[in-house]
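Undergrad: Quick one: this structure, given as structure tokens, is what I'll be asking you about.
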Amino acid sequence: MKVFIMDPIDASAVALLAQTHTVVDFPGSRQRDWHAEADAMIVRTFEVREPDFRRAQKLRIVAKHGTGVDNIDLNAARDAGVVVTNTPGANAAAVAEYALAITLALARQVNLADRSLRADRSGRIAAGTELGGKTVGVLGFGDIGRRTARLFKAAFDTTLLVYDPFAPDVAFAELGASRIDSIEALLPACDVVTLHLPLLPETRNLFGAAEFAAMRDSAFLINVARGGIVDEAALYRALVAGEIAGAASDVFETEPVAASHPLLALDNFIASPHIAASSKESLVRMGAAAAQAVLDALAGRAPSHRVLPQATLAHPSI
């Protein structure tokens, strides 16, 4: 059977699949008629929408290399009888570490210091902010949210406030975190707000003008979840007006983000090109999990981590 790999994945996963199936690897997979040929697909950011499922008559599984499945039309997959899987937990450590890294970079203005030296400017950078003892608000308390909270707690003895109405009580008790009943109640109390939610209709533009107005003017917003959760125009206005001190985002509503994006011109904004999950170790784990899902599905076995088409905010965290 033919497995089309639509984005770059670790070579070890490609080799595993090639032992029993014909693999059409990236970038050649983008030039072939996968709709006619593919029995299985592995995707990272490649989009699979309703017209694709109607055309792909042989397709049995779309394995997402990663957690979020907003690039796959789940209802269309269900109607076509195509299995969709993801790899929860495989990238959690990488994303959590990256969330901590960009928070530190933002708080201590690492981007400005680096830029100043490279431009041979002698002016001093304004004093940064320490994270020790600060209050961190975590929105979404799944694998990644909990790992991120654990890192902040261990490194800086932060107070943890969490909004996730569906996370179990044991998760809060383990980290000494406080459950907050609403986003509105959480925002004014936090020095850092970090987002760990999937992009769903209910979370699109979840952060807008009202939310930024509710935050402290000294606070930082961190987004390593999905573009579209934050209203980027509202974020720009909030950063320019000083409603919040800074923001860092690994994700944007349109990716790859254009170099002319207004946020990229701001000194109190740090950006990266959706790389939080891409550590060497996590790429191996995600590749192996996605490949195993394909092997199981094509062998007639039920793959692990099947994503239900009717997924809703009943399980909102990543």
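The values are calculated or read from the model by the stated rules, or taken from the named source; none is laboratory data. Keep in mind the model is a prediction, meaning the values are calculated, not measured. Note: ideal-geometry Cβ built from the backbone for every residue, glycine included; neighbour counts use all protein chains shown.
Each row is one residue, and each column tells you yes or no for (1) under 17 Å from Val284 (Cα atoms); (2) not aliphatic (A, V, I, L, M).
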{"position": "Val23", "(1), (2)": "no, no"}
{"position": "Ile42", "(1), (2)": "yes, no"}
{"position": "Ala56", "(1), (2)": "no, no"}
{"position": "Arg60", "(1), (2)": "no, yes"}
{"position": "His65", "(1), (2)": "yes, yes"}
{"position": "Asp70", "(1), (2)": "no, yes"}
{"position": "Ala76", "(1), (2)": "no, no"}
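Undergrad: Filter region 35-44 down to residues that are surrounded by fewer than 22 Cβ atoms within 10 Å (Cβ to Cβ) and either over 17 Å from the mean Cα position of the chain (by Cα) or among the aromatic types (Phe, Trp, Tyr) (or both) and give me whichever is nearest to Val307 (Cα to Cα). Quick ask: steps written out before the conclusion?
TA: Step one: of region 35-44, the residues surrounded by fewer than 22 Cβ atoms within 10 Å (Cβ to Cβ) are 35-37, 39, 44.
Still in the list and also either over 17 Å from the mean Cα position of the chain (by Cα) or among the aromatic types (Phe, Trp, Tyr) (or both): 35-37, 39.
Numbers: His35: 21, Ala36: 24, Glu37: 23, Asp39: 18 Å.
Looking at the filtered set, the residue picked out is Asp39.
Undergrad: Residue check: is Glu253 in a loop (DSSP other than H, G, I, E, B), touching a helix residue (DSSP H, G or I) at 6+ places or on another chain (Cβ under 8 Å) and closer than 24 Å to Val84 by Cβ?
TA: On the way: in a loop (DSSP other than H, G, I, E, B): yes; touching a helix residue (DSSP H, G or I) at 6+ places or on another chain (Cβ under 8 Å): yes; closer than 24 Å to Val84 by Cβ: yes.
Yes; evaluated as a whole, the condition is true for this residue.
Undergrad: Kindly check whether there is at least one residue in region 53-62 that is touching a strand residue (DSSP E or B) at 6+ places or on another chain (Cβ under 8 Å) and more than 17 Å from Ala297 (Cα to Cα).
TA: The answer is no; no qualifying residue exists.
Undergrad: Something else about it: Consider Asp181 against the criteria (1) under 24 Å from Asn268 (Cα atoms); (2) modelled with pLDDT of 95 or more; (3) outside any helix (DSSP H, G or I): it satisfies all of them except one. Which criterion is unmet?
TA: Every listed condition holds for Asp181 apart from (1).
Undergrad: Further question on the same structure: Working only within region 7-52, note down all residues that are closer than 16 Å to Ser278 by Cβ, in contact (Cβ under 8 Å) with a residue 12 or more places away in the chain and not acidic (Asp, Glu).
TA: Here is the first cut: in region 7-52, the ones closer than 16 Å to Ser278 by Cβ are 7-13, 26, 42-46.
Then drop every residue that is not in contact (Cβ under 8 Å) with a residue 12 or more places away in the chain, which leaves 7-10, 12-13, 26, 42-46.
Pro8, Ile9, Ser12, Ala13, Phe26, Ile42, Val43, Arg44, Thr45, Phe46 - these are the residues of region 7-52 that are closer than 16 Å to Ser278 by Cβ, in contact (Cβ under 8 Å) with a residue 12 or more places away in the chain and not acidic (Asp, Glu).
Undergrad: To continue, here is another question. Has region 275-283 got any residue that is surrounded by 15 or more Cβ atoms within 10 Å (Cβ to Cβ), without any contact (Cβ under 8 Å) to a residue 60 or more places away in the chain and under 19 Å from the mean Cα position of the chain (by Cα)?
TA: No, every residue in region 275-283 fails to be surrounded by 15 or more Cβ atoms within 10 Å (Cβ to Cβ), without any contact (Cβ under 8 Å) to a residue 60 or more places away in the chain and under 19 Å from the mean Cα position of the chain (by Cα).
Undergrad: Could you please let me know if Arg204 is surrounded by fewer than 18 Cβ atoms within 10 Å (Cβ to Cβ) and either in a helix (DSSP H, G or I) or polar (S, T, N, Q) (or both)?
TA: For Arg204, the condition - surrounded by fewer than 18 Cβ atoms within 10 Å (Cβ to Cβ) and either in a helix (DSSP H, G or I) or polar (S, T, N, Q) (or both) - is not met.
Undergrad: I'd like to verify a number: residues in region 149-178 that are touching a strand residue (DSSP E or B) at 6+ places or on another chain (Cβ under 6 Å), surrounded by fewer than 18 Cβ atoms within 10 Å (Cβ to Cβ) and in a loop (DSSP other than H, G, I, E, B), how many?
TA: Of the residues in that region, 0 qualify.
Undergrad: Considering only residues that are within 30 Å of Asp73 (Cα to Cα) and β-branched (Val, Ile, Thr), which ones fall in region 173-208?
TA: Ile183, Val193, Thr194, Thr203
Undergrad: Now, a different point. Specify the residue that is farthest from Val307 (Cα to Cα); the eligible residues are those in region 207-225 that are under 14 Å from the mean Cα position of the chain (by Cα) and outside any strand (DSSP E or B).
TA: Out of the qualifying residues, it is Val224.
Undergrad: In region 11-44, how many residues are touching a strand residue (DSSP E or B) at 6+ places or on another chain (Cβ under 8 Å), more than 16 Å from Ala289 (Cα to Cα) and part of a helix (DSSP H, G or I)?
TA: Qualifying residue count for the region: 3.
Undergrad: Checking Glu253 against (1) surrounded by fewer than 21 Cβ atoms within 10 Å (Cβ to Cβ); (2) touching a strand residue (DSSP E or B) at 6+ places or on another chain (Cβ under 7 Å); (3) within 15 Å of Leu195 (Cβ to Cβ): exactly one of these is not met. Which one?
TA: Answer for Glu253: the failing condition is (2).
Undergrad: Could you grab the pairs with beta carbons closer than 6 Å, sequence gap of 6+ or different chains, first residue in region 77-103 and in the same structural domain as Arg54 (by TED's automatic domain parsing), second one in a strand (DSSP E or B) and of a type in the set (Gly, Ala, Ser)?
TA: Qualifying pairs under 6 Å: Thr85/Ala63.
Undergrad: Something else about it: Among the residues of region 1-15, is any β-branched (Val, Ile, Thr), more than 30 Å from Thr135 (Cα to Cα), crowded, with 16+ Cβ neighbours inside 10 Å and touching a Pro at 6+ places or on another chain (Cβ under 7 Å)?
TA: Checking region 1-15: not a single residue is β-branched (Val, Ile, Thr), more than 30 Å from Thr135 (Cα to Cα), crowded, with 16+ Cβ neighbours inside 10 Å and touching a Pro at 6+ places or on another chain (Cβ under 7 Å).
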